[in-house]
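Accompanying notes for the structure given below.
The values are calculated or read from the model by the stated rules, or taken from the named source; none is laboratory data. Bear in mind the structure is a predicted one, so any value in this text is a computation, not a measurement. Cβ coordinates were reconstructed from backbone atoms using ideal geometry, including for glycine residues, and neighbour counts include every protein chain displayed. In case anyone asks, the SASA skips ligands and DNA or RNA and just uses the protein heavy atoms, side chains included. Shrake-Rupley method; radii C 1.70, N 1.55, O 1.52, S 1.80 Å.
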Amino acid sequence: MAEPLDTPRGTLAVPTFLPDATRAGVRGVTSEDLRQIGIEGVVVNAFHLLRRPGARVVQAAGGIHRFMDWDGPILSDSGGFQVWSLIRQDPDRGVIRDNEVIFREPETGEKWNLTPERVINLQFQLGSDIVVCLDDCTDAGDPEAEQERSVERTVRWARRCREEFDRQAAQRAGHAPRIFAVVQGGRVEALRRQCAAELAAIGFDGYGFGGWPLSGDGELLADPLRWVAESLPDDAPKHALGIGRADHVVAAFALGYSIFDCALPTRDARHGRLYAFKPGWSSRRPSPGDDFYRAVRIHDQPYRVDHGPIEEGCDCPVCARHTTAYLHHLFKVGDLSAERLATLHNLRFYVRLFELLRGG
Ligand SMILES: [Zn+2]
């Protein structure tokens, strides 16, 4: 079981949910909104911030915390996954080599050269509290030879990241961030275990589960998650990158993962999918397989005349003041506040879910 995670800007109780503030903002809501509903930390994406507005702009603003008015812990994802998925969609966008990743902006032709060292430096420039090593992503369905090469690169890059991190951290005595590595290996048990063990031997403050975590039909890759968790030290913080759906969170938590980030609750909110605990479940710790919540599809006609809150007993600022019928109306007329209110409710649902998981 993981211990609370100390960062330069406070301790994160675990398990913790960190909303994706990919480009230094959670869409539609302010940092003040996030504080009010009990969010303790956020995830930004170093690669996207390098593209826009640029690391120098963030640095000149006084760092990522000042830039986005967030004084709690910030984890910066390296962007390895995003670079890989952009290049995979369109090979003209760049190339991943043994020693570097080259990415071209399709519109401007601008070229980014990402090395393990550069990615660590970039995250120091941003001023993140938890930095993440550059890893070499694969698709879970890629052939084994490719998974093998990815593990080999990922471990080699992680070692270079660790060395660069130690160089940078030595100059910031007492205020150094934490460093996480990411485990690859697709769906190959031996490779997942090998990657986890080799990264643990180098030594990091936490470990992420890398690659796409779901099967083709959208279910959690529970076996690979378990192999990785079993091959890492028991007390090491384990980050389930990009997971996710509330029932997936419960399943991954049971496997030993304690740090979660995902765009799903905020994206669902913007599309009018709101979450609610089923009756009797708002004060009970869910276990894997429990059917503990439902989605309110706010666009559906019956909600036009539903004058109760989204969820009876929800303590979010939206349910305290507004009815389901009002939110339905705001979505129908395309009011700008609709997505914001829905986002606040869904994020508060996650805060409540994580409080239940912590309390058990
Ligand atoms: Zn609510």
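Some observations on this one:
- Qualifying positions in the stretch 62-89 - open to solvent by 40 Å² or more (accessible area, probe 1.4 Å) and at pLDDT 95 or above: Gly62, Arg66, Phe67, Asp69, Asp71
- All positions within the stretch 345-360 that are open to solvent by 10 Å² or more (accessible area, probe 1.4 Å) and under 14 Å from Tyr275 (Cα atoms): Arg348, Val351, Arg352
- Contact map, the stretch 23-48: residues that are within 24 Å of Glu355 (Cα to Cα) paired with residues that are aromatic (Phe, Trp, Tyr) and open to solvent by less than 60 Å² (accessible area, probe 1.4 Å), Cβ distance under 7 Å, separation 6+ or inter-chain. Pairs shown: Ser31/Trp70; Val42/Trp70.
- Looking across Pro213, Pro237, one residue alone is under 18 Å from Val14 (Cα atoms) and in contact (Cβ under 8 Å) with a residue 24 or more places away in the chain. It is Pro237.
- Scanning the stretch 337-355 for residues that are more than 10 Å from the ligand (Cβ to nearest atom) and out of contact with any Pro (no Cβ under 7 Å at 6 or more places or on another chain) returns Ser337, Ala338, Glu339, Arg340, Thr343, Val351, Leu353, Glu355.
- All of Ala181, Ala140, Ala158, Ala169 fail the test of being open to solvent by less than 50 Å² (accessible area, probe 1.4 Å), at pLDDT below 95 and not basic (Lys, Arg), apart from Ala140.
- Helices (runs of 4 or more DSSP H) fully within the stretch 1-98 counting 2 or more residues that are touching a Ser or Thr at 6+ places or on another chain (Cβ under 9 Å): 46-51, 64-68, 80-89
- Residues (part of a helix (DSSP H, G or I), open to solvent by 50 Å² or more (accessible area, probe 1.4 Å) and touching a residue at least 12 places away in the same chain (Cβ under 8 Å)) located in the stretch 184-193: Glu189, Arg193
- Answer residue from the stretch 283-302, given it is more than 14 Å from the ligand (Cβ to nearest atom) and of a type in the set (Ser, Thr, Tyr) and is farthest from Ala246 (Cα to Cα) among those: Ser283
- Residue in the stretch 262-283 that is open to solvent by less than 30 Å² (accessible area, probe 1.4 Å) and closer than 28 Å to Asp142 by Cα present: yes
- Answer from Gly280, Gly334, Gly360, Gly256 - the residue that is more than 15 Å from the ligand (Cβ to nearest atom) and at pLDDT below 95: Gly360
- Enumeration of residues in the stretch 90-111 that are under 14 Å from Arg51 (Cα atoms) and buried (at least 18 other Cβ atoms within 10 Å of the Cβ): Phe103
- Any hit, the stretch 130-152, residues being in contact with a helix residue (DSSP H, G or I) (Cβ under 7 Å, 6 or more places away or on another chain), closer than 18 Å to Ala169 by Cβ, assigned to a helix (DSSP H, G or I) and touching a residue at least 60 places away in the same chain (Cβ under 8 Å): no
- Residues (of a type in the set (Phe, Trp, Tyr) and assigned to a helix (DSSP H, G or I)) located in the stretch 217-262: Trp227, Phe253
- Residues located in the stretch 25-41, provided they are touching a Pro at 6+ places or on another chain (Cβ under 8 Å) and either acidic (Asp, Glu) or closer than 30 Å to Thr108 by Cα (or both): Val26, Glu40
- Subset of the stretch 303-326 [within 11 Å of the ligand (Cβ to nearest atom), among the charged types (D, E, K, R) and over 28 Å from the mean Cα position of the chain (by Cα)]: Glu312, Arg321
- Among residues of the stretch 86-102, those that are within 24 Å of the chain's Cα centre (by Cα) and within 23 Å of Ile179 (Cβ to Cβ), counted: 3
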